[in-house]
Amino acid sequence: MVTTLLLIAVGITACVLLWFGCRLVFNKRPPAAEKPAIRTCPLCFSTLQHKERLYSIVFSEIGSARIIHIHGCPHCSTGALVRKCPVCKRILQTDDVVAARMTFKEKEKGVHVHILGCKACSTFFAS
């Protein structure tokens with residue numbers, strides 16, 4: 001009787017370990033750090049690769065937000081691609097910039113960028 005109960009306990013333990021072991025082996029997901037974030041340039045809409053960044057200048061803080069000037073990405077800042085203002089759709093020259101407001105996300109520990117516009121459509125440049 002005792003040996004039967006002992007064999008049943010060992011069998012149940014083996015089944016549970018086998019179940020969780022198979023789940024660990026066959027249901028693996030890649031870590032979140034290996035998934036590349038899909039980002040696009042707001043001026044030319046080209047997809048940025050993992051190490052490609054936007055060229056921008058960060059200015060003073062206004063409350064919890066910062067004002068930035070976006071010059072473009074490595075693809076469009078050299079003049080290789082047509083750059084358009086995301087607000088008014090005007091074609092931008094290589095020396096034109098777009099103003100934006102950058103705020104920090106508290107929960108995701110990232111940033112959010114809100115495009116204000118270029119010199120033609122934004123009141124930010126009016127001074």
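Odds and ends about this structure:
- Residue match in the range 56-74 (condition: under 14 Å from C41 (Cα atoms), part of a loop (DSSP other than H, G, I, E, B), out of contact with any Phe, Trp or Tyr (no Cβ under 9 Å at 6 or more places or on another chain) and modelled with pLDDT of 85 or more): no
- Condition met for L92 (more than 22 Å from the chain's Cα centre (by Cα) and buried (at least 17 other Cβ atoms within 10 Å of the Cβ)): yes
One line per residue, one yes/no per condition, for (1) outside any loop (DSSP other than H, G, I, E, B); (2) not polar (S, T, N, Q):
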{"residue": "T78", "(1), (2)": "no, no"}
{"residue": "L81", "(1), (2)": "no, yes"}
{"residue": "P86", "(1), (2)": "no, yes"}
{"residue": "K89", "(1), (2)": "no, yes"}
{"residue": "T94", "(1), (2)": "no, no"}
{"residue": "M102", "(1), (2)": "yes, yes"}
{"residue": "K107", "(1), (2)": "no, yes"}
{"residue": "V111", "(1), (2)": "yes, yes"}
{"residue": "H114", "(1), (2)": "yes, yes"}
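- Filter result for the condition that a residue is surrounded by 12 or more Cβ atoms within 10 Å (Cβ to Cβ), at pLDDT below 90 and not assigned by TED's automatic domain parsing to the domain that holds F45, over S127, S122, S77: S122
The values are calculated or read from the model by the stated rules, or taken from the named source; none is laboratory data. Remember, predicted model here, so these are calculated numbers, not experimental data. All Cβ positions, glycine included, derive from the backbone under ideal geometry; neighbour counts span all protein chains shown.
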